[in-house]
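Report on the following structure.
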Amino acid sequence: MPATIVETNPTPFKSIPIDPVTLDIIENALRNARIEMDATLVRTAMSPGIREQGDAFPLIADHTGKMIVGQFGSFIGGFLKSYEGTLEDGDMIFLSDPYSCGGAISHSNDWLVLLPVFKDGRLLAYTAMFGHQSDIGGKVVGSMPINARSIFEEGVRIPPVKIWKKGEYNDDLMKLVMHQTRKPDWCQADLNALIASCRVASRRVIEMADRFGDDVYVSATQELLARNHRAMQALIGMAIAEEPVSFEDYICDDGVGYGPYKIKCTMWREDGKVVLDFAGTDPQSAASINFFLNENMFKMFFGIYMIMVFDPQILFNDGFYDLIDVRIPEGSLLKPKFPAALSGRTHALGRIFDILGGLLGQKTPEFLNAAGFSSSPHLFYSGNDTRPGKGGEWFQLFQIGFGGIPGRPLGDGPDGHSLWPGFTNVPNEFLERYFPMLIERYETEPDSGGAGLHRGGNGIHMTYRFLSPGTISIHDDRWFVPPWGVNGGEPGKRAKKILEKADGTSVIVGNKVEDVEVEVGDQLHFITWGGGGWGDPLERDPALVGLEITQGLVTPEGAKAYGVVANAKGVVDAAATEALRAEMRSKRSELPLFDYGPGIEVLRANCQAETGLPAPIQPVWPHLEAAE
């Protein structure tokens, strides 16, 4: 039964032609309102993940629930179809359960607030914001157990409920929810920040309607949607072929010893629409790396990628959704069945962008990007602070790491960047001020970006020295299957995590581990992966390679991947470089469109020697074997 919208004024909005100037003003006012939502959030939140890193995502939708500005696309249409209740002036919805909203939020750590905006008795718009909570209870600190077997192990699950009802705050509900978390002070502040952000955007929408008139405002939102539809229709006709193309990539492991897990997508154009079919994707995992992929979210991912690659000036919104048909098999890694665990879904979420790049670039290789930093690696550190004067107070850190962006048609991939453009790093000074640690190193990892005409961005080498005993957990990927290069570019280097004990011994720890004990003086070397390279490395300017040696981005040994001979000061030996490049050209075959590195079985055979870790075991699904 769909939601009931309670409007005291049944007058429908009138459709009015909008002149270009008015449309431009309203469009940019909406953009600014979205930015103001972010600014309100970071000024009000307390957790490092939201306040310092910006792990939250705003949305402003029209009166039907279609996103006008935002990032992940709108979940509101699906919510309205399944919510068995009323929405009226003074209400605000609060939820965190992915299974209750069709995967619009993809794990329970993401708390979402939805505010219907009423004006003069009519529903004018919606504003929404969700943000990652650093702890929501569950079996481990941070509430993201990589080894969870069901969502019930991952902390409190909140179905759609009214946090505000007709203007009254549900205080008892909040007491119940905050009782589940290890950090109620952070969670309460972060939730208040989400609420405040939605209210700020609501005020801005009403101000626009007051200025231009309700009918003009609503008509402008419909024109923005229609304009996006026209633009995307043209891009689809230009970039998507009728002949199917397929691409597949992998999640390295599930944190409990099995992997890799394949994600496959096939794309084609049919009757003016794009079909994106994930048939061939592996079944869901018994652990928590499943990603409940909402179809509208993936449509937005597709639209963002198309727009950013082919026409970055377009304002992306939900206007083009009817042009895309997304098919995801039930029970797969991307549509797991309840109550599958979901807390480790970040790796599959990020890998979707690599797959989109591989699909869209096959028809137009000149626009092709390599594989990049398609994840958000997590570090958790918690315990009781034993330093003098701290009284054994509880601390816990959740931090997102950065890595190498892929080589691109127009230049090198940035070094040490985030998958999400709006994310920022947690300042080292903040970490050292509020947590018992020192940051001994924060620099790019030389040679980790794949060689190419345009180099892949380097990963980050961050070294933490722990000043109090505690436990750490790590969630990362791309340690087994490397990020691929394109158009002759080489794969980037893989991730690695090294725990250097205070007694001088070292151990390589896995990239998905829980509750590793650390002592005072231990150091963790958190090394992320680089982006793949773009284009022929032997075409890169030797002088640029020499400059990058002086900048610590490339080593003299790494310069040989570009056919460049140079010393530690970056001085290039021109004659030796010319001879080396001639020799390398004579020995190689035709440059591949995609360079994946060794195949899976070769990687598996060489895993222990190359990574210091045992190879993941190929997962099996007995029900599929029986069917065969």
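Quick notes on this one:
- About its Cα centre, the dipole of the stretch 228-303 is roughly 300 debye, where the only charges are +1 on Lys and Arg Cβ and -1 on Asp and Glu Cβ.
- From largest to smallest, the equivalent ellipsoid semi-axes obtained for the chain from the alpha-carbon gyration tensor read 40, 31, 24 Å.
- Near ARG441, the amide H atoms lying under 5 Å from its own belong to THR463; only residues 5 or more places off or on other chains count, and H is placed 1.01 Å from N.
- Ranked by the mean number of other Cβ atoms within 10 Å of their residues, highest first, the peptides 480-492, 177-189 come out as 480-492, 177-189.
- Only the Cβ atoms of Lys and Arg (+1) and of Asp and Glu (-1) were treated as charged; on that basis the dipole of the stretch 92-189 about its Cα centre amounts to roughly 140 debye.
- Per residue convex hull volume, Cα atoms of the stretch 437-537, in Å³: 81 Å³
- In straight-distance terms, cross-link reach from LYS81 covers every one of the lysines whose alpha-carbon lies under 22 Å from its own, apart from those fewer than eight places away in the same chain; here that gives LYS66, LYS162, LYS165, LYS166, LYS299, LYS335, LYS337.
- Between helix 295-310 and the chain: long-axis angle, C-alpha atoms, 0 to 90°, nearest 10: 60 degrees
- Computed from Cα atoms alone, the Kirkwood hydrodynamic radius reported for the stretch 1-58 is 15.1 Å.
- Hydrodynamic radius of the stretch 542-607 per Kirkwood, over alpha carbon pairs, in Å: 13.4 Å
- Stokes-Einstein translational diffusion, the stretch 377-450 - Kirkwood Rh over all Cα pairs, 0.692 mPa s, 37 °C, in µm²/s: 224 µm²/s
- What the phi angles of the stretch 332-338 give under the Karplus curve with 6.51, -1.76 and 1.60, with θ = phi - 60°, is a coupling list of 8, 4, 9, 8, x, 8, 4 Hz, glycine and proline written as x.
- Check: the stretch 166-320 dipole with +1 on Lys, Arg Cβ and -1 on Asp, Glu Cβ, in debye: 400 debye
- The 3J(HN,Hα) values that the Karplus relation (6.51, -1.76, 1.60; θ = phi - 60°) gives for the stretch 458-468 are, in residue order, 6, x, 10, 10, 10, 10, 9, 9, 8, 10, 8 Hz. Gly and Pro appear as x.
- Taking the average, over residues, of other Cβ atoms within 10 Å as the packing measure, peptides 336-347, 286-297 rank 286-297, 336-347 from highest down.
- Measuring spread by the Cα atoms of the stretch 179-231 yields a radius of gyration and Dmax of 17.6, 49 Å.
- The phi torsions of the stretch 157-173, fed into the Karplus equation with coefficients 6.51, -1.76 and 1.60 and a -60° offset, translate into couplings of 10, 10, x, x, 9, 8, 6, 10, 10, 6, x, 9, 7, 8, 5, 5, 4 Hz, rounded to whole numbers, with Gly and Pro shown as x.
- Helix axis angle, 600-611 relative to the chain longest principal axis, alpha carbon, degrees: 70 degrees
- Relative to the longest principal axis of the Cα atoms of the chain, the long axis of helix 20-44 makes an angle of roughly 70 degrees.
- Averaged over residues, the count of other Cβ atoms within 10 Å places the peptides 6-15, 424-433 in the sequence 424-433, 6-15, highest first.
- Placing unit charges on the Cβ atoms of the charged side chains and taking the dipole of the chain about its Cα centre, the candidate lying farthest along the positive direction among PHE301, LEU397, PRO329 is LEU397.
Here, each number is a calculation from the coordinates, and none is a lab measurement. This structure is a prediction, so every number in the text was calculated from the model and none was measured. As a convention, Cβ positions derive from the backbone with ideal geometry for all residues, glycine included, and neighbour counts pool all protein chains shown.
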